[in-house]
Amino acid sequence: MTRHYNFCAGPAALPTMVLERAGNELVDYQGRGLSVMEMSHRSDEFISIAEQAEADFRQLLGVPDNYKVLFLQGGASMQFAMLPMNLLGQGGSANFIQTGIWGKKALSEAQRLGFDCHVSGSSEANGHSAVPAHETLDISRDAAYLHYTSNETIGGLEFDYTPQVQRTDGSDVPLVCDMSSNILSGPINVNDFGVIYAGAQKNIGPAGLTLVMVRDDLLGRAQPGIPSLFDYQLLADAGSMVNTPPTYAWYLAGLVFQWLKDDIGGLDAMNALNQRKADKLYAAIDGSDFYSNPIAQHNRSRMNVPFVLADATLDKAFLQEADAAGLLNLKGHRSVGGMRASLYNAVPEQAVDALIAFMADFEQRRG
Ligand SMILES: *Cc1c(COP(=O)(O)O)cnc(C)c1O
């Protein structure tokens with residue numbers, strides 16, 4: 001069996017150890033004589049899998065007790081709709097910082113549903129190459145929340161600060177963050193946020209699961225009459241089991257959390273490793289006249305590294321040869337072109353080393 005190095009932006013690489021363990025338990029889970037996929041979500045076995053996964057996730061990120069952790073379906077994109085439906089039921093406007101394609105989709109969806117939306121800051125003028133400075137943000141006074149995307153997966157642009165904005169009464173405007181592509185890449189202070197959400201398929205587990213953390217005081221503000229499956233309060237009250245949850249994805253996420261705790265050694269260790277991986281690759285890009293990355297140094301994503309070749313007619317050859325060398329999924333997003341190497345948690349440092357060596361060799365032969 002050969003596992004190639006997978007730089008896919010999502011669904012992305014999973015730790016080999018996790019896949020092996022899931023493989024060992026696939027047909028007969030721990031001697032129970034059935035697969036996790038075949039268990040009732042209400043069974044004692046599955047409830048203990050689900051509770052352990054949540055406990056490990058809470059421990060890893062330091063999630064305080066006054067936050068609910070929901071294990072949902074529908075992807076981050078469904079949160080684009082659920083967020084305004086849940087947080088604007090008592091009026092106010094949704095404010096957005098725009099730093100790329102995902103943040104724009106979050107805004108468009110809220111607008112499509114007819115909510116009062118306001119753009120508080122945007123990097124559009126600089127081609128999404130640098131995050132707007134904190135002091136330039138224009139948050140409306142009646143904002144029910146401020147939404148931003150901590151890491152723009154397609155553009156490769158990551159915030160280097162946590163926006164914090166006070167209302168006239170001194171309280172913070174609740175911060176809502178799409179962390180789909182950098183959650184668990186390092187420690188964060190959950191207390192800074194009202195809601196954090198993330199589709200699983202980058203740094204958590206397989207596609208089909210979405211994690212949402214909601215601070216308790218933001219529950220119970222939903223617009224009347226929204227579908228029960230969209231209502232954070234009802235989902236929280238039912239332990240994410242208003243209906244059948246994505247049980248197998250939940251279990252696999254739990255294995256990833258155990259891997260992060262036991263094999264990586266927690267989020268500080270993960271952070272150091274991710275920093276090292278990204279630093280190496282950016283250094284290789286900057287050290288060459290053949291490869292380039294357009295993002296301001298302090299906003300370069302540690303998770304998604306887009307780069308272009310000086311001669312775009314070589315793109316196809318680059319991708320074909322990389323693929324043949326076991327370096328998979330380096331093609332950039334269709335809206336950006338060029339290449340993109342996603343260096344999520346499960347991408348080992350050896351993969352980055354192999355990519356850098358391949359890039360140097362390709363440049364020498366074709367540059
Ligand atoms: C991948 C991604 C999404 C979309 O996730 P889906 O699960 O496909 O809805 C949204 N936001 C960010 C930042 C992403 O990386």
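Bear in mind these aren't lab numbers, they're just calculated from the coordinates by the rules spelled out. Since the model is a prediction, treat every value here as computed from it, not as a measurement. Positions of Cβ are backbone-derived with ideal geometry, glycine not excepted, and every protein chain shown enters the neighbour counts.
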Roughly what % antiparallel, to the nearest 5, for the DSSP beta bridges in segment 123-259?
55
If you wrap a convex hull around the C-alpha atoms of segment 168-286 and split its volume per residue, what is the figure in Å³?
161
Between the alpha-carbon centers of segment 209-237 and segment 38-61, tell me the distance in whole angstrom.
20
Between Pro306, Leu26, Phe257, whose Cα lies farthest towards the positive end of the dipole of the chain when Lys and Arg beta carbons carry +1 and Asp and Glu beta carbons carry -1, centred on the Cα centre?
Pro306
Segment 281-355: C-alpha pair distances exceeding 18 Å, %:
38
Semi-axes of the equivalent ellipsoid for the chain, please: Cα gyration tensor eigenvalues, times 5, square-rooted, ordered largest first, whole Å.
33, 29, 16
Note on the chain: contact order normalised by length, alpha-carbon pairs under 8 Å, 6 or more apart, percent, works out to 23
Let me know the charge dipole size of the chain about its Cα centre in debye, to the nearest 20, where only the beta-carbon of Lys, Arg (+1) and Asp, Glu (-1) is charged.
640
Give the Rg (one decimal place) followed by the Dmax (whole number) of segment 116-243, computed from C-alpha coordinates and expressed in Å.
15.8, 45
Using the Cα centre as the reference, give the magnitude of the dipole from point charges on the C-beta atoms of segment 1-115 (Lys, Arg: +1; Asp, Glu: -1; all else neutral), rounded to the nearest 20 debye.
600
Under 19 Å from the 7 Å Cα→Cβ point of Arg365, by amide nitrogen: which residues of segment 266-294?
289-291
By count of other Cβ within 10 Å, fewest leading, how are Cys8, Cys177, Cys117 ordered?
Cys8, Cys117, Cys177
Rounded to 5, percent antiparallel among DSSP beta bridges of the chain
55
What does the helix-only formula give at 222 nm for the chain: each DSSP H stretch with n ≥ 4 adding -39500 (n - 2.57), the total divided by the residues, and the result rounded to the nearest 500 deg cm²/dmol?
-10500 deg cm²/dmol
So, in the chain, how many Lys pairs have Cα atoms under 27 Å apart, if the pair is 8 or more places apart or on different chains?
20
On a full-extension model of 0.36 nm per residue, what is the gain between Asp286 and Asp263, subtracting their alpha-carbon distance, rounded to one decimal in nm?
5.1 nm
